[in-house]
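Worksheet: the structure to be examined is printed underneath.
Derivation of every value follows stated rules applied to the coordinates shown; laboratory data play no part. The structure presented is a predicted model; accordingly, all values stated were derived computationally and were not measured. We place every Cβ from the backbone using ideal geometry, glycine too, and count neighbours over all the protein chains shown.
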Amino acid sequence: MSERPRLTVLSGPSGVGKSTVVAHMRKQHPEVWLSVSVTTRHPRPGEQNGIHYYFVDNDEFDKLIANGELLEWAVFAGNRYGTPRGAVLEKLDNGVPVLLEIDLQGARQVRESMAEALLLFLAPPSWDELVRRLTGRGTEPQDVIEKRLEAAKIELAAESEFDTTLVNTSVEQVAAELLALLGAA
Ligand code: ADP
Ligand code: 5GP
């Protein structure tokens, strides 16, 4: 690949459908490389270590920060999340396009450190639909849902910081749009 591979960031409020859209796209295009983040949050039922996240405790997360092993990291709704630097740089060096699914604070850090990154914002069709999706997922207790909705207000207000907005009305359609933007279609 002669062109420099692209780092693409997908952000958007919790519950908007980021994981669903990315999973749908990767079912048809498993060659798209998605970074696996590190988190201090506990696994949801069905989530596997090393596949959905690397689940670590606070001490391990501290060490990753201290050793400069994270490309970016943030506190989101009471837990820490970060992108392992080594794997991302290795993929980019090898010409593989990289996708990060991270929050607004992480997207801002990537913008600072990698100006050429493409920042995509996944928006809900409406606020009420976002609340329905986040609640309907049934993976968080009410107090955590409320924290995530507070964060969602801040994330939605930052939409203009992103290069492109995709509205998640149809999973199939957004997955196709994402694939095209990744340059993999
Ligand atoms: P995120 O990764 O952004 O937190 P999820 O992918 O977990 O969000 O999706 C949250 C909920 O919304 C899930 O129950 C998912 O099935 C549902 N969902 C995702 N996209 C759509 C869509 N386009 N229409 C209806 N429901 C959706
Ligand atoms: P969840 O707990 O629902 O899996 O993720 C919560 C939020 O953390 C989502 O907005 C998700 O995109 C974000 N997130 C996941 N991994 C990372 C990461 O490595 N860095 C940052 N900054 N945010 C992340």
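Some values worked out for this structure:
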quantity	calculated
Lysine pairs meeting the criterion (Cα under 30 Å, 8 or more apart or interchain), as found in segment 8-182	8
Two-site FRET efficiency, Glu150 against Ser19, from Cβ-Cβ distance with R₀ of 22 Å, rounded to 0.05	0.60
As computed over the chain, the Cα convex hull volume per residue (Å³)	116 Å³
Prolate/oblate/rounded label for segment 54-132 (Cα gyration tensor, a/c 1.5)	oblate
Distance between segment 134-167 and segment 1-74 - C-alpha centres, whole angstrom	17 Å
Net length gained if the chain between Asn49 and Ser170 were fully extended (0.36 nm per residue, minus Cα distance)	40.7 nm
Cα centre as origin, Lys/Arg/Asp/Glu Cβ charges: the chain dipole, Debye	300 debye
Largest-first principal axis extents of the Cα set of segment 1-84 (Å)	38, 34, 22
Shape category assigned to segment 122-174 from the gyration tensor of Cα positions, a/c cut at 1.5	oblate
Burial ranking of peptide ranges 43-49, 153-159, 94-100 (average Cβ count within 10 Å, highest at the top)	94-100, 153-159, 43-49
